[in-house]
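Have a look at the structure below before the remarks.
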Amino acid sequence: ADALPVVGRLPAGAAAAEALAPGTVRRIFTGAAMPPGADTVFMQEDVELSTAGVRLPAGLKPGANTRPQGEDIAAGTPALAAGQRLRPQDLALAAALGVAHLVVRRRVRVGLFSTGSELVAPGGALGPAQQYDSNRVLLGALARRTGAAVSDLGILPDNPGAIRAALAAAGAGHDLVLTSGGVSAG
């Protein structure tokens with residue numbers, strides 16, 4: 001095949017001032033917009049460059065090595081669903097769309113404690129007639145799985161005044177207070 005003449009170069013961030021004429025090539029850098037009239041990009045390591053121009057290898061399909069504008073999300077399609085938990089890739093997508101600020105809700109703040117003088121935190125030393133507090137572990141894990149920000153407030157002894165004060169304090173700094181214990185008349 002004959003060498004095709006190279007007519008200019010197109011660096012990233014630049015727009016072509018003129019369309020690419022048939023039978024010519026333009027050197028284009030990664031990140032540059034395709035010039036009008038061009039439909040395929042050949043990798044420079046796959047072409048043969050000489051003073052006469054560029055020889056292109058056979059077999060490359062039209063559109064190869066290009067990324068058409070809007071190929072990742074069709075026009076009119078929501079990019080991010082309302083109410084979804086934002087992941088790092090979602091933030092990158094918003095940035096790629098030019099969105100600098102997103103309206104979000106903060107995570108639900110959950111205060112969690114157990115009540116009962118018979119309870120001991122896992123890993124602690126058990127006294128006579130005591131048991132390990134497994135409810136707080138379970139409730140905390142379930143709340144975290146929903147995306148909540150959990151504050152583990154520990155174990156409160158069977159003391160109505162202490163429990164009342166702890167509930168009031170926890171209610172002031174949390175959206176939800178979960179407690180475990182005090183399930184009977186005891």
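The values are calculated or read from the model by the stated rules, or taken from the named source; none is laboratory data. Values in this document were obtained by computation on a predicted structure and should not be read as measured data. Neighbour counts run over all protein chains shown; Cβ positions are idealised from the backbone, glycine included. Note: accessible area is taken over every heavy atom of the protein model, side chains too, but ligands, DNA and RNA are not part of it. Shrake-Rupley method; radii C 1.70, N 1.55, O 1.52, S 1.80 Å.
Would you be able to say whether some residue in the range 139-149 is loosely packed, with under 13 Cβ neighbours inside 10 Å, out of contact with any helix residue (DSSP H, G or I) (no Cβ under 9 Å at 6 or more places or on another chain) and part of a loop (DSSP other than H, G, I, E, B)? Yes, the range 139-149 contains at least one residue that is loosely packed, with under 13 Cβ neighbours inside 10 Å, out of contact with any helix residue (DSSP H, G or I) (no Cβ under 9 Å at 6 or more places or on another chain) and part of a loop (DSSP other than H, G, I, E, B). Taking the numbered list (1) more than 35 Å from the chain's Cα centre (by Cα); (2) within 30 Å of Thr24 (Cα to Cα); (3) of a type in the set (A, V, I, L, M, F, W, C) in turn, Ala64 passes all entries but (1).
Scanning the range 8-21 for residues that are open to solvent by less than 60 Å² (accessible area, probe 1.4 Å) and either outside any loop (DSSP other than H, G, I, E, B) or on the phi > 0 side of the Ramachandran plot (or both) gives Gly8, Leu10. Among strands (runs of 3 or more DSSP E) entirely within the range 22-119, having at least 3 residues that are open to solvent by less than 40 Å² (accessible area, probe 1.4 Å) singles out 109-115. Scanning the range 154-164 turns up no residue that is within 30 Å of Asp72 (Cβ to Cβ), of a type in the set (D, E, K, R), open to solvent by 80 Å² or more (accessible area, probe 1.4 Å) and touching a strand residue (DSSP E or B) at 6+ places or on another chain (Cβ under 9 Å).
The set of residues from the range 126-153 being in contact (Cβ under 8 Å) with a residue 12 or more places away in the chain and farther than 30 Å from Leu86 by Cα comprises Gln130, Gln131, Tyr132, Asp133, Ser134.
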